[in-house]
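Engineer: Could you have a look at this structure, given as structure tokens, before my questions?
The values are calculated or read from the model by the stated rules, or taken from the named source; none is laboratory data. The model shown is predicted, which means the values in this text are computed figures rather than measured ones. Note: ideal-geometry Cβ built from the backbone for every residue, glycine included; neighbour counts use all protein chains shown. Each accessible area value is taken on the protein alone, full model and side chains, heavy atoms only, with ligands, DNA and RNA left out. Shrake-Rupley method; radii C 1.70, N 1.55, O 1.52, S 1.80 Å.
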Amino acid sequence: MTVWQDDVARDLVQNAGDRLALLTRGEGSYLWDADGRRYLDFLAGIAVTSLGHAHPVFVEAISKQAATLAHVSNYFATPPQLALAARLKRLAGAGIDGRVYFSNSGAEANEAAFKLARLHGGMERPRILALENGFHGRTMGSLAMTAKASMREPFEPMPGGVEHIPATLEALEAAIDDRVAALIVEPIQGEAGVVELPEGYLAAARSLTLAHGALLIVDEIQTGAGRTGQWFGFNHEGITPDAITLAKGIGGGFPIGALITYGAASDLFTPGSHGSTFGGNPLGTAVADAVLAEIERAGLVENAARRGEQLRALIDGIGSPLISAVRGRGLLIGVALSEPVAGAVVAAAQERGLIVNAANPETVRIAPALIIGDEQLAEFRELFTAALADVSASVSGKVSA
């Protein structure tokens, strides 16, 4: 092992396992490691660095706000906090009666959503519905809403009341009743392999939750901030939820999360019912407001839609026997494989200078910055094709042997 790998093994908790490289700087859609090797970054920190690395808007926002006011307690308001709340409400269509709660991460945003559901349900509505294969975070409340047994079992018992149902309309219709406080869904299940909900699911879920007096909470942590070619994943079905959770791409690399509430749900939190020391601090909110403003100014939501179509077509055209399907919307793409070799494809890609991710053994996840253009797409095609060929040759060799 190298010195830095020794340092990782000695000094860091091993929850993330071995690190793949020691990265030292980034610019645009590229990263460099400690040896000076350049990588095309088509993961963006798992759908986080919306503007790419070291974008001038991001850098200026941090520098300017850090030199002015970095933190005060939530006993006080600050201009960046109010500006970001107003922008998020406008983008999400929350209306004049919507409100925003700020957190430090997506898991914290979903913890707030869990508590929102409890406040809405009370003793009369003890049930919270979540979907099989869903992922909402690793804190205890968000983990209770996450269906992955391997993540949950070491920490059981979980907070009670959450039921996981299949992501089908039939299952939802059978499960929902007047004792349900809330349904939480991801428009695209990213950690499950970039799996879209059935067509019309969100619209039907909206109708059913309204009919039974339950909240519809949409987890937009991975799909929000323009990644799917709309500002939010629920925009593709034209619905209005009761709450959405956000993080990742809204901060462009700065840790920040948010819960946006609509209508009557905006009155559920009262003074003292929830809080966060760092949530909504002026540094984080100034950066997120600048990132979202640049996404608007530069037309990056539209770029995500256009480049996403190009990316899907490009992957379809590779013609590798390992590719069985291409899923997702905009710049959140899952390449389904015919063999459980996603880890090998990711390793081969990194060896050739491309960073992607294995969402599971059968799926390679692709989530580049929203700024990518023709040059990056062409380079991706060359590197990804070569990586697939490397792995395909290895798989064929094992079969022949």
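Engineer: So is Gly17 among the small types (Gly, Ala, Ser), under 29 Å from Thr277 (Cβ atoms) and open to solvent by less than 50 Å² (accessible area, probe 1.4 Å) or not?
Structural biologist: no
Engineer: Exactly one of these conditions fails for Pro56: (1) under 22 Å from Ala247 (Cα atoms); (2) touching a residue at least 12 places away in the same chain (Cβ under 8 Å). Give me its number.
Structural biologist: (2)
Engineer: I would also like to ask the following. Being crowded, with 22+ Cβ neighbours inside 10 Å, more than 17 Å from the chain's Cα centre (by Cα) and within 23 Å of Gln230 (Cα to Cα) is true for just one of Leu116, Leu183. Which residue is that?
Structural biologist: Exactly one of Leu116, Leu183 is crowded, with 22+ Cβ neighbours inside 10 Å, more than 17 Å from the chain's Cα centre (by Cα) and within 23 Å of Gln230 (Cα to Cα), namely Leu183.
Engineer: Being of a type in the set (A, V, I, L, M, F, W, C) and on the phi > 0 side of the Ramachandran plot is the filter here, so list the residues in the stretch 201-246 that pass it.
Structural biologist: Matches in the stretch 201-246: Ala225 only.
Engineer: Determine the pairs where a residue that is in contact (Cβ under 8 Å) with a residue 40 or more places away in the chain, located within the stretch 78-89, has a partner that is among the charged types (D, E, K, R) with Cβ atoms under 7 Å apart, the partner being 6 or more residues away or on another chain.
Structural biologist: Cβ pairs passing all conditions: Pro80/Asp289; Ala83/Asp289; Leu84/Asp289; Arg87/Asp289.
Engineer: To continue, here is another question. Residue by residue through the stretch 338-354, note down the ones that are open to solvent by less than 40 Å² (accessible area, probe 1.4 Å) and touching a Ser or Thr at 6+ places or on another chain (Cβ under 6 Å).
Structural biologist: Within the stretch 338-354, Ala342 is the sole residue that qualifies.
Engineer: Considering only the stretch 350-400, state which residues are polar (S, T, N, Q) and within 15 Å of Pro321 (Cβ to Cβ).
Structural biologist: Result: Thr385, Ser392, Ser394, Ser396, Ser400.
Engineer: Residues in the stretch 62-113 that are hydroxyl-bearing (Ser, Thr, Tyr) and surrounded by 14 or more Cβ atoms within 10 Å (Cβ to Cβ): how many?
Structural biologist: Residues that pass the stated criteria total 4.
Engineer: Something else now. Under the condition of being of a type in the set (A, V, I, L, M) and outside any helix (DSSP H, G or I), which residue from the stretch 249-284 is farthest from the chain's Cα centre (by Cα)?
Structural biologist: Leu268
Engineer: Of all residues in the stretch 355-382, which are over 13 Å from Gly190 (Cα atoms) and buried (at least 19 other Cβ atoms within 10 Å of the Cβ)?
Structural biologist: Residues satisfying the conditions are Ile355, Val356, Pro368, Ala369, Leu370, Ile371, Ile372, Gln376, Phe380.
Engineer: Name the residue that is surrounded by the fewest Cβ atoms within 10 Å (Cβ to Cβ), counting only residues in the stretch 268-284 that are in contact (Cβ under 8 Å) with a residue 12 or more places away in the chain and under 20 Å from Asp97 (Cα atoms).
Structural biologist: Ranking the candidates gives Ser273 first.
Engineer: Of all residues in the stretch 197-243, count the ones that are within 15 Å of the chain's Cα centre (by Cα), open to solvent by 10 Å² or more (accessible area, probe 1.4 Å) and farther than 16 Å from Arg329 by Cα.
Structural biologist: Of the residues in the stretch 197-243, 0 are within 15 Å of the chain's Cα centre (by Cα), open to solvent by 10 Å² or more (accessible area, probe 1.4 Å) and farther than 16 Å from Arg329 by Cα.
Engineer: Tell me which helices (runs of 4 or more DSSP H) are completely within the stretch 1-83 and hold 2 or more residues being of a type in the set (Asp, Glu) and out of contact with any strand residue (DSSP E or B) (no Cβ under 6 Å at 6 or more places or on another chain), or say none if there are none.
Structural biologist: 3-11
Engineer: Here's a follow-up. Does Val287 satisfy the condition of being open to solvent by less than 30 Å² (accessible area, probe 1.4 Å), over 19 Å from Phe232 (Cβ atoms) and outside any helix (DSSP H, G or I)?
Structural biologist: No; evaluated as a whole, the condition is false for this residue.
Engineer: Pairs needed: first member in the stretch 171-192, closer than 12 Å to Glu132 by Cα; second member anywhere, open to solvent by 20 Å² or more (accessible area, probe 1.4 Å); C-beta distance under 6 Å; at least 6 residues apart or different chains.
Structural biologist: Pairs found: Gln189/Asn133; Gln189/Val195; Glu191/Phe135; Ala192/Asn133.
Engineer: Please find, within the stretch 309-327, the residue that is farthest from Leu377 (Cα to Cα) out of those that are open to solvent by less than 40 Å² (accessible area, probe 1.4 Å) and touching a Ser or Thr at 6+ places or on another chain (Cβ under 8 Å).
Structural biologist: Here the residue is Leu322.
Engineer: Hey, among the residues in the stretch 141-176 that are of a type outside the set (Gly, Ala, Ser) and in contact with a His (Cβ under 6 Å, 6 or more places away or on another chain), which one's modelled with the highest pLDDT?
Structural biologist: Among residues in the stretch 141-176 that are of a type outside the set (Gly, Ala, Ser) and in contact with a His (Cβ under 6 Å, 6 or more places away or on another chain), the one modelled with the highest pLDDT is Ile176.
Engineer: Considering only the stretch 290-306, how many residues are open to solvent by 30 Å² or more (accessible area, probe 1.4 Å) and in a helix (DSSP H, G or I)?
Structural biologist: Within the stretch 290-306, residues that are open to solvent by 30 Å² or more (accessible area, probe 1.4 Å) and in a helix (DSSP H, G or I) number 6.
Engineer: For a quick check of your reading of the model, give me the residue pairs whose first member lies in the stretch 1-23 and is free of Cβ contacts under 8 Å to residues at least 40 places away in the same chain, whose second is surrounded by 13 or more Cβ atoms within 10 Å (Cβ to Cβ) and part of a strand (DSSP E or B), with beta-carbon atoms closer than 9 Å and at least 6 apart or on different chains.
Structural biologist: The qualifying pairs are Leu22/Asp33; Leu23/Leu31; Leu23/Trp32; Leu23/Asp33; Leu23/Tyr39.
Engineer: Still on this structure: Counting only residues that are aromatic (Phe, Trp, Tyr) and either more than 20 Å from the chain's Cα centre (by Cα) or open to solvent by less than 20 Å² (accessible area, probe 1.4 Å) (or both), how many does the stretch 124-175 have?
Structural biologist: Within the stretch 124-175, residues that are aromatic (Phe, Trp, Tyr) and either more than 20 Å from the chain's Cα centre (by Cα) or open to solvent by less than 20 Å² (accessible area, probe 1.4 Å) (or both) number 1.
Engineer: For the list (1) more than 30 Å from Arg152 (Cα to Cα); (2) touching a Ser or Thr at 6+ places or on another chain (Cβ under 8 Å), I need the number of the one condition that Gly95 fails.
Structural biologist: (2)
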